[in-house]
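Visitor: To start, I am sharing the structure in question, which I have written as structure tokens.
The values are calculated or read from the model by the stated rules, or taken from the named source; none is laboratory data. Not measured: the values here are computed from a predicted model. Virtual Cβ from ideal backbone geometry, glycine too; neighbours counted across all protein chains shown.
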Amino acid sequence: MADPEARSKALFMEAAKVLTHPRCVNCHPHDDQPRQRDRAEAHNPPVVRGPDNHGVPALACGSCHQDRNLDHARVPGAPDWHLAPIEMAWLGRTPAAICAQIKDPKRNGGKTLAQIADHTAHDKLVGWGWNPGADRQPAPGSQERFGALVAAWIETGAACPAEEKPQ
Amino acid sequence: MIALRVNGTEHTVDADPDMPLLWVVRDLIGLTGTKYGCGEALCGACVVHLDGEAVRACVTPISKAAGRSVTTIEGLSKDGNHPLQKAWVELGVPQCGYCQSGQIMSAAALLAKKPKPTNAEIDTSLAGNICRCGTYTRIRAAVRVAAGLPKEE
């Protein structure tokens, strides 16, 4: 693809297959309740976000979720299990909207694009998406390939795809 | 061998590092107040405190408790005089009782951080503790009484 901007948009759309996957958006909700399974079902037990995205007293994420998946109980786990801050909500949003958020330091945890690339390629909680345990469908590809896609998107100018037209 | 402190007493147990804390507490140490409900962290019957934080013992590998302090319902107070235990008796909270140690341990973890919780805070913190007898309204009232609040908001 000769046009760098078109290439950048195409790279983001490929990365968006991961960003919009249930293993990722379930913990990027726009409200106070995490989701689970493949159809954004409400989390059971009915836990809530809490002030620091780690749950509330007596019902913190780490009350149940360990730093790794549990085979016997099917409870998923990874280091520092928690919800993404609400300003980083992706659930129900389009790739164009998510792209704009990811580039906005006010909505990406104050990260530079280089830090975004590092986060996607190396963060262990992000990496859980490809190692979800039990019978959960993993995110497409691998964390390494996802990190490479995001890095290539940034190298080509971090262009965002056009917003989808209403039906 | 894994060393941990349970209710102030040092224990060394011969257990697989992945053995759930629940079975260490119940079967190896003999403290049976902590109950097995679902084994999947869904019901709250097995809640204990690990260094003061509420955890579900059925999904907590004993390796995570190594060198740390565990409190079970038996260790919440020396003679049943924790404000929650007194309120539980005063209001006659339990029906069958099976879930109640988990309810009380979750409530204790809440009050440690929120000494005067609102109803909403009580509800969200105890949302993961299921009571099949449906004693929820008495549980909430007892938490409020233990916190020195009126029974109803």
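Visitor: Testing B:S106 on (1) crowded, with 17+ Cβ neighbours inside 10 Å; (2) more than 10 Å from chain A (Cβ to nearest Cβ); (3) hydroxyl-bearing (S, T, Y), one condition comes back false. Which one is that?
Guide: Of everything listed in (1) crowded, with 17+ Cβ neighbours inside 10 Å; (2) more than 10 Å from chain A (Cβ to nearest Cβ); (3) hydroxyl-bearing (S, T, Y), B:S106 misses just condition (2).
Visitor: Determine if segment B:74-90 includes at least one residue that is closer than 20 Å to A:L59 by Cβ, at pLDDT 95 or above and β-branched (V, I, T).
Guide: The answer is no, given that none of the residues of segment B:74-90 is closer than 20 Å to A:L59 by Cβ, at pLDDT 95 or above and β-branched (V, I, T).
Visitor: Give the residue that is surrounded by the fewest Cβ atoms within 10 Å (Cβ to Cβ), with candidates limited to residues of segment A:40-58 that are more than 9 Å from every other protein chain (Cβ to nearest Cβ) and in a loop (DSSP other than H, G, I, E, B).
Guide: Only one residue fits best here, namely A:P51.
Visitor: Same structure, new question: Out of (1) surrounded by 14 or more Cβ atoms within 10 Å (Cβ to Cβ); (2) among the charged types (D, E, K, R); (3) without any contact (Cβ under 8 Å) to a residue 60 or more places away in the chain, the odd one out for A:R7 is which?
Guide: Every condition holds for A:R7 apart from (3).
Visitor: Quick one: which residue in A:G109, A:G133 is within 24 Å of A:N53 (Cβ to Cβ), at pLDDT below 95 and of a type outside the set (K, R)?
Guide: A:G109
Visitor: So A:P166 clears everything in (1) without any contact (Cβ under 8 Å) to a residue 60 or more places away in the chain; (2) surrounded by 19 or more Cβ atoms within 10 Å (Cβ to Cβ); (3) not in a helix (DSSP H, G or I) except one condition, right? Which one?
Guide: Result: A:P166 passes all but (2).
Visitor: Looking only at segment A:74-129, how many residues end up being hydrophobic (A, V, I, L, M, F, W, C), more than 18 Å from A:A151 (Cβ to Cβ), surrounded by 15 or more Cβ atoms within 10 Å (Cβ to Cβ) and without any contact (Cβ under 8 Å) to a residue 60 or more places away in the chain?
Guide: 6
Visitor: From the list A:H72, A:H82, which one is of a type outside the set (G, A, S) and at pLDDT 95 or above?
Guide: Exactly one of A:H72, A:H82 is of a type outside the set (G, A, S) and at pLDDT 95 or above, namely A:H82.
Visitor: Considering only segment A:140-167, how many residues are in contact with a Pro (Cβ under 8 Å, 6 or more places away or on another chain) and among the hydroxyl-bearing types (S, T, Y)?
Guide: 1
Visitor: Same structure again: All but one of (1) of a type outside the set (S, T, N, Q); (2) touching a helix residue (DSSP H, G or I) at 6+ places or on another chain (Cβ under 9 Å); (3) within 14 Å of chain A (Cβ to nearest Cβ) hold for B:R68; state the number of the condition that does not hold.
Guide: Failing condition for B:R68: (2).
Visitor: Given the residues A:G133, A:G147, which is the only one that is in contact (Cβ under 8 Å) with a residue 24 or more places away in the chain, surrounded by 16 or more Cβ atoms within 10 Å (Cβ to Cβ) and assigned to a loop (DSSP other than H, G, I, E, B)?
Guide: Sole residue among the options that is in contact (Cβ under 8 Å) with a residue 24 or more places away in the chain, surrounded by 16 or more Cβ atoms within 10 Å (Cβ to Cβ) and assigned to a loop (DSSP other than H, G, I, E, B): A:G133.
Visitor: Test B:W23 against the stated conditions and say whether it is surrounded by 15 or more Cβ atoms within 10 Å (Cβ to Cβ) and assigned by TED's automatic domain parsing to the domain that holds B:P115.
Guide: Spelling it out, it is not the case that B:W23 is surrounded by 15 or more Cβ atoms within 10 Å (Cβ to Cβ) and assigned by TED's automatic domain parsing to the domain that holds B:P115.
Visitor: Just the residues that are closer than 23 Å to B:G37 by Cβ and facing chain A (nearest Cβ under 8 Å), please, taken from segment B:113-128.
Guide: B:T124, B:S125, B:L126, B:A127, B:G128, listed by residue number.
Visitor: So A:C61 clears everything in (1) free of Cβ contacts under 8 Å to residues at least 12 places away in the same chain; (2) more than 10 Å from chain B (Cβ to nearest Cβ); (3) crowded, with 19+ Cβ neighbours inside 10 Å except one condition, right? Which one?
Guide: With (1) free of Cβ contacts under 8 Å to residues at least 12 places away in the same chain; (2) more than 10 Å from chain B (Cβ to nearest Cβ); (3) crowded, with 19+ Cβ neighbours inside 10 Å applied to A:C61, the lone miss is (1).
Visitor: Among the residues of segment B:50-63, write down those that are more than 17 Å from A:L59 (Cα to Cα) and surrounded by 19 or more Cβ atoms within 10 Å (Cβ to Cβ).
Guide: B:P61, B:I62
Visitor: Under 6 Å between Cβ atoms, which residue pairs at least 6 apart in sequence (or on different chains) link something in segment A:39-57 that is more than 22 Å from B:D51 (Cα to Cα) with a partner that is among the hydroxyl-bearing types (S, T, Y)?
Guide: Cβ pairs passing all conditions: A:V48/B:T124.
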